[in-house]
Amino acid sequence: MTFRPMPVMSILMIPALAVLIWLGSWQWARFQEKRAMPDLVPEAEQAAFTLTPLSSDYQFVYTTFNGESLWRVMTPVTACPTGVTGQDDPTCLSPMLANIGLLNVLEPEEVSLTPPDDAFAAQPFVSAVGHSRSMFAQPDFPEKAVWYTPDPAAIASALELSLAEDVFLEPISISVIRVRNDGEQVYQTIENPYANPARVDDLPPSRHLGYALTWYGLAIGLIGVYLALHIARGRLRV
């Protein structure tokens with residue numbers, strides 16, 4: 001067998017193949033990670049808190065769920081274990097950022113929201129870790145309380161909450177708030193997807209598997225085109 005590689009094509013082939021394999025491996029890892037996650041949040045990870053709002057400075061974090069554009073409404077709170085009296089108790093967490101609703105509007109900062117009631121504030125919560133900015137994320141607008149990256153540390157810094165934890169408190173159930181044309185707010189209570197890492201985005205495990213197979217397939221196809229072109233040019237002979 002003789003093989004005389006085309007220099008330029010071979011040089012371009014190596015990084016292209018590496019990128020395709022890396023993308024396939026990334027999606028395969030996400031598939032395995034999500035498949036291993038429980039469908040429900042384990043009770044051991046739930047904690048019953050009573051929330052006391054520190055201010056009405058709502059912060060809006062963009063997200064999507066079930067194909068719908070939503071805003072996670074975050075507010076700074078003191079979170080005390082249910083039954084604890086007094087916010088100075090050492091078991092209280094303050095300040096924290098708690099999700100009090102999922103808002104479906106175009107301009108979230110223009111909506112006047114009703115603070116959560118006692119039933120909401122006393123339910124079980126889960127500590128959810130935020131994420132740092134990705135290269136594809138839109139810029140945040142702290143002056144408008146609008147965020148496209150769910151980074152609790154950045155939000156806390158904008159609110160001058162220097163001691164805020166690097167997590168969000170996510171309730172087990174939450175309201176989806178839709179504002180009608182006449183201004184009326186319609187509330188629908190659902191199981192909070194952001195309290196469960198397995199449901200934190202719209203992509204089920206099967207979608208990640210499909211993406212992984214697509215990237216791997218493109219890598220195999222690229223190799224096939226590379227070899228076929230060399231055979232056609234007489235640079236690869238068996």
Suppose the filter is part of a strand (DSSP E or B) and modelled with pLDDT under 80; does THR63 pass it?
no
Return yes when VAL225 is of a type in the set (A, V, I, L, M, F, W, C), without any contact (Cβ under 8 Å) to a residue 40 or more places away in the chain and closer than 30 Å to ILE14 by Cβ and no when it is not.
yes
Taking only pairs six or more apart or across chains, which ones have beta-carbon atoms under 7 Å, a first residue in the stretch 201-221 that is of a type in the set (Gly, Ala, Ser), and a second residue that is modelled with pLDDT of 85 or more and assigned to a loop (DSSP other than H, G, I, E, B)?
none
Out of the residues in the stretch 117-133 that are touching a Phe, Trp or Tyr at 6+ places or on another chain (Cβ under 9 Å) and part of a loop (DSSP other than H, G, I, E, B), which is modelled with the lowest pLDDT?
ALA122
Selection from the stretch 60-70 of residues within 16 Å of GLN138 (Cα to Cα) and touching a residue at least 60 places away in the same chain (Cβ under 8 Å) yields PHE60, VAL61, TYR62, THR63, THR64, LEU70
Note: among LEU213, LEU218, LEU227, just one is in a helix (DSSP H, G or I), in contact with a strand residue (DSSP E or B) (Cβ under 9 Å, 6 or more places away or on another chain) and either modelled with pLDDT of 85 or more or not aromatic (Phe, Trp, Tyr) (or both), namely LEU227
Restricting to the stretch 89-116, name every residue that is surrounded by 10 or more Cβ atoms within 10 Å (Cβ to Cβ), at pLDDT below 70 and not polar (S, T, N, Q).
ASP89, LEU93, PRO115, PRO116
Just checking, does the stretch 153-161 include any residue being surrounded by fewer than 16 Cβ atoms within 10 Å (Cβ to Cβ), modelled with pLDDT of 85 or more and assigned to a loop (DSSP other than H, G, I, E, B)?
no
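The values are calculated or read from the model by the stated rules, or taken from the named source; none is laboratory data. Nothing here was measured: the structure is a model prediction, and the numbers come from that model. In this analysis, Cβ positions are derived from the backbone assuming ideal geometry, glycine residues included, and neighbour counts consider all displayed protein chains.
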